[in-house]
Amino acid sequence: MNELEKLFIETLTSQMRALDQFGTWAKKSDEEVLGEKYIKSKDALKNIPIIADIDEMQIQDIRLIFQSIALAFELKTNIMCSVVMEMSHEGFGRAVVIAEKIVVTNKFFKDAHRYSFRTYEDLVKEGGKMLKDAIEIYETYKK
């Protein structure tokens, strides 16, 4: 795990654990906690309909990913970020991370209720890649 991947996972797990009001995840490892929320096998995805409404909990879980990117970006660059997310009840929407006047992360969703990763390693790699890309975009446009 490289530095950016580690920072992303640390920010994501710290935010998830902060939301654990009743200590449900206290005895679980970070990997187990993230696995419950974000990891779905191909078989598990087969049980989720292609067209379905998304619930508020799923929207919050997706928002946490982008808030983690924003927080990790802030820790790395000392530049404040904002997360803007718009999601219809059908799972169509967009998540954007903005640093100053620059959009550093932008993701469209057409079936957000199915948003997941196959493995923990995929989650780590994708988060690290989004963070790396965000920093590169900011540095490129800031020049």
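Which one is nearest to the chain's Cα centre (by Cα), of the residues in the stretch 105-143 that are over 26 Å from MET57 (Cβ atoms) and either of a type in the set (Lys, Arg) or not in a helix (DSSP H, G or I) (or both)?
LYS132
Which members of the stretch 52-88 meet the condition of being surrounded by fewer than 18 Cβ atoms within 10 Å (Cβ to Cβ) and touching a residue at least 60 places away in the same chain (Cβ under 8 Å)?
Hits for the stretch 52-88 are ALA52, ASP53, LEU75, LYS76, THR77.
Tell me which helices (runs of 4 or more DSSP H) are completely within the stretch 1-80 and hold 3 or more residues being small (Gly, Ala, Ser) and under 17 Å from VAL104 (Cβ atoms), or say none if there are none.
Filter on the stretch 1-80 gives 56-77.
So VAL96 passes all but one of these: (1) in a strand (DSSP E or B); (2) over 14 Å from the mean Cα position of the chain (by Cα); (3) under 20 Å from GLU126 (Cα atoms). Which condition number does it fail?
Exception for VAL96: condition (2).
Return the residue satisfying two criteria in turn: it lies in the stretch 1-40 and is among the small types (Gly, Ala, Ser) and at pLDDT 90 or above, and of such residues it is surrounded by the most Cβ atoms within 10 Å (Cβ to Cβ).
GLY35
What is the number of the single condition among (1) open to solvent by 40 Å² or more (accessible area, probe 1.4 Å); (2) in contact with a helix residue (DSSP H, G or I) (Cβ under 6 Å, 6 or more places away or on another chain); (3) not basic (Lys, Arg) that ALA99 does not meet?
For ALA99, the exception is condition (1).
State yes or no: is GLY91 modelled with pLDDT of 95 or more, open to solvent by less than 20 Å² (accessible area, probe 1.4 Å) and under 29 Å from LYS42 (Cα atoms)?
no
Determine, yes or no, whether GLY91 is free of Cβ contacts under 8 Å to residues at least 40 places away in the same chain, touching an Asp or Glu at 6+ places or on another chain (Cβ under 9 Å) and among the small types (Gly, Ala, Ser).
For GLY91, the condition - free of Cβ contacts under 8 Å to residues at least 40 places away in the same chain, touching an Asp or Glu at 6+ places or on another chain (Cβ under 9 Å) and among the small types (Gly, Ala, Ser) - is met.
When you go through (1) touching a residue at least 40 places away in the same chain (Cβ under 8 Å); (2) within 23 Å of ALA18 (Cβ to Cβ); (3) open to solvent by 40 Å² or more (accessible area, probe 1.4 Å) one by one for THR119, which number turns out not to apply?
So the condition that THR119 fails would be (2).
The values are calculated or read from the model by the stated rules, or taken from the named source; none is laboratory data. Values in this document were obtained by computation on a predicted structure and should not be read as measured data. Cβ atoms come from the backbone with ideal geometry, glycine included; neighbour counts cover every protein chain shown. Ligands, DNA and RNA are excluded from the accessible area calculation, which covers all protein heavy atoms including side chains. Shrake-Rupley method; radii C 1.70, N 1.55, O 1.52, S 1.80 Å.
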